1. Could you give me the radius of gyration and the Dmax of the range 63-137, taking only the C-alpha atoms into account and expressing both in angstrom?
2. Using the count of nearby Cβ atoms within 10 Å as a rough guide to exposure, how do 85, 71, 17 rank from fewest to most?
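Coordinate-derived values only; no laboratory data. None of these values were measured; they are calculated from a predicted model. We place every Cβ from the backbone using ideal geometry, glycine too, and count neighbours over all the protein chains shown.
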C-alpha cells in the first residue's frame, strides 16, 4: 500500500470545476469564416430604380392628383380649384370627366410617402384605362 501512495505522489486529486471554452471558440470562428465567405455571394435584393432628369419643357397646365395617406385624393387642374374624392372609384370618375373636358392635358400624380406603392400603381393604371397617354410622378 505504501508503494501505491508513492507512485501517486501521496496527494489526493482534485476535480476542476471550470468550463473548457476552447471548443466553443473554435465553433464560433468556423461560423464567422462561413458567414464572411457567404455574405458577398448572397447580395440583398437591390432595386435599380431609373434616374430621371428634368424635362426640357414641363407642361404649364396638367391634371393634378394628390394621393393622401387616408386613401382620399384631391384632383383638379393645376392652378384651379380642386375637388376631394373619397375612394378610387370616385377618383376614376372625376379623372374621366376632367379628361373629357381637357383631352390634351397630361396627369401629374403626387403621393404622400406613407402611401403604399400599390395605390400609386392603381392610379396610373386607371389613368391608362381612361386613355391618358402622359402620366408623370411628382418628386422633390
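1. Using the Cα atoms of the range 63-137, the pair Rg, Dmax is 11.0, 32 Å.
2. Final ranking by Cβ density, sparse to dense: 17, 71, 85.
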